[in-house]
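None of the figures in this text is laboratory data; all of them are computed from the coordinates on show. Small disclaimer: the values here were computed from a predicted structure and weren't measured. Cβ placement follows ideal geometry from the backbone for every residue including glycine, while neighbour counts extend to all protein chains displayed.
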Amino acid sequence: MLGIDYSILHFLEPTLTNGFMAEGEGSDDYTKVTITTIVFVSIIIMVYFFLTDIGQRVSEKSGSFTNSSELALLYRIVCTGFCVYAIIYMFRSGPANMHVVLLEGNEDILLHPVGIHKFVTFSSWTLLACTGYFLLSSINQIQLIFASTTTTWLGSLQTILFCMGISMAFLTATVVRYIILPSMVENNNSHSHMFLYHEQIMHNFAGVFLGFDLLLVRPDLAAEFAIFGLLIGIVYISFAYALAYFGPGYFVYSFLHPQPKIAPLFATGLALCIALFYLGLWLITQLGESLLWLQLVIIVVWLSLIVQFRSSESNSAVN
């Protein structure tokens, strides 16, 4: 069975981990500050949901994510198939190699998770969001084509998953290409495992699939939907802390450890980055129907700059 390295997507970790982990070991403990910051941001998000009509806005916009195009339906069904198989592949591929950092002592250890225990990484959540979106969008579109109606709550959930999924996918691809892979090459670490099927879907094709869905269906996005980027970021961080404090006692990414002085910035920065990537994609859609060709060019160029389908190891072998 394949051994898969799930130390990937340690955002900023390859170059900064040693520095700030050392800082956390010999200086003040910022755990309370980190957790307080996360709680504070969570409260702000909840207050925003309570005081605004964001739910109604999602419901109003959800209709634009579904149309009667059989081409769009076929595309979404195919994407669903690729994503579902990636999830199945993760269960079938055997034990992974996952480097984690223990909550107690900041010790870096190697685990070999199997099955559902692999779904603790941010990139795996990206895959799940992408899969959920394409599955729901396919169901809604089938309903519209054959029954001339859609389920309201499914449409709203589909919209939320799209806003989360596409920003997570573009962020994941960017970090993997410009931080993770260069660091592995610099350290002479083998990285061919990063180009296995499910890794390709998580790091590359999730962004490609959702980017072209954006162009094909042309949904009516709203700037305020960036709040869902903040939301999924905080939810993932909260999950990571629950895993560390009430579960097996480790962090998948060492930058999430609450002790270093810079930890509050990293903890909230992930959520902010997701929201910013969404806003960038939203700005592209504001170019309008008459400039659809320009939207296509920007999306294609953006994707070409963040995806990487082949390892430098295979290129070296060819040369």
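Observations on the structure shown:
- Placing +1 on the Cβ of every Lys and Arg and -1 on the Cβ of every Asp and Glu, with no other charges, gives the chain a dipole of roughly 640 debye about its Cα centre.
- Using C-alpha pairs under 8 Å with a sequence gap of at least 6, the mean separation divided by the residue count of segment 4-314 gives a relative contact order of 32 percent.
- Take every DSSP beta bridge whose two residues both sit in the chain; close to 75 percent of them are antiparallel.
- For the chain, calculated [θ]222 nm from helices alone, where every DSSP H run of n ≥ 4 adds -39500 (n - 2.57): -21000 deg cm²/dmol
- For segment 98-253, relative contact order (Cα pairs under 8 Å, six or more residues apart, normalised by length) works out to 34 percent.
- Of the options (1) 22.3; (2) 20.5; (3) 26.9, only one is Kirkwood radius over Cα pairs in Å as computed from these coordinates, and that is (2).
- Going from the residue with the fewest nearby Cβ atoms within 10 Å to the one with the most, LEU71, LEU196 rank LEU71, LEU196.
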